[in-house]
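Enquirer: My questions all concern the structure below.
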Amino acid sequence: MKKTIRLFLSMEIFILSTYFFSFEFFINFQIAFLSSFFVIMGSMYAYKKMVSKQIESSEINDHERDLLEKIEDPHELYVENKELNETPIEELDLKEIVKEEKKKIKTFSLDSMRHGSRGSVSAFRIVPYIFLVLGFIALKNNEMLDISVYLAALLVGIVLGYISAKNIFALP
């Protein structure tokens with residue numbers, strides 16, 4: 001935690017020193033840096049909180065397929081079914097098999113939407129994004145936006161935000 005505070009404060013001192021160079025450079029760098037830094041920190045915190053809740057509530061099933069298998073084969077098309085493989089073709093009721101497989105396919109539902117949006121609809125993620133958008137709009141409307149400085153500062157904020165979040169929010 002101390003390392004993160006030192007890193008953040010040293011970056012803020014650097015940003016404040018740019019004020020003597022140019023106010024436009026300073027304000028572009030400051031808004032972009034803080035925006036991206038807090039977006040990364042908020043996202044990592046929301047993700048850690050979501051994972052911790054799943055671990056506490058024992059929603060994680062040990063017999064569940066791993067994430068890579070779910071991505072590569074979401075409908076379990078390549079999972080071998082021993083009952084089907086051992087049954088002769090003449091005895092298979094294909095219509096019944098198709099009906100069973102259609103039941104396995106998960107459709108979009110309110111429950112699946114709630115489960116998927118749990119980590120993305122968090123104040124820790126939404127507020128920094130609002131700051132990012134409003135800061136960009138304010139700079140643009142006041143004709144102070146220097147896109148090269150803004151993009152460079154976004155990159156700096158992302159890198160420092162990731163390093164800080166990795167140190168602070170590491171899962172035990």
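Enquirer: Of the residues Leu34, Leu68, only one is modelled with pLDDT under 85 and assigned to a helix (DSSP H, G or I); which?
Expert: Exactly one residue qualifies, and that residue is Leu68.
Enquirer: Suppose the filter is among the basic types (Lys, Arg) and either assigned to a helix (DSSP H, G or I) or at pLDDT 65 or above (or both); does Lys106 pass it?
Expert: So Lys106 fails the test.
Enquirer: Could you list, in sequence order, all residues of the range 139-170 that are part of a helix (DSSP H, G or I), over 18 Å from the mean Cα position of the chain (by Cα) and not aliphatic (A, V, I, L, M)?
Expert: Lys140, Asn141, Ser148, Tyr150
Enquirer: Could you list, in sequence order, all residues of the range 1-54 that are among the aromatic types (Phe, Trp, Tyr) and more than 21 Å from Gly135 (Cβ to Cβ)?
Expert: Phe20, Tyr47
Enquirer: May I ask you to list pairs of residues, at least six apart or on different chains, whose Cβ atoms are under 7 Å apart, with the first in the range 9-30 being among the polar types (S, T, N, Q) and the second being part of a helix (DSSP H, G or I)?
Expert: Thr18/Phe25; Thr18/Phe26; Thr18/Phe29; Asn28/Leu139; Asn28/Val149; Asn28/Tyr150; Asn28/Ala153; Gln30/Ile15
Enquirer: Another question, then. Here are some conditions: (1) farther than 29 Å from Tyr47 by Cα; (2) assigned to a helix (DSSP H, G or I); (3) modelled with pLDDT under 65. Leu77 meets all but one. Which one does it not meet?
Expert: (2)
The values are calculated or read from the model by the stated rules, or taken from the named source; none is laboratory data. Keep in mind that this is a model prediction, so the values were computed, not measured. Don't worry about glycine lacking a Cβ; one is built from the backbone with ideal geometry, like all the others, and counts go over all protein chains shown.
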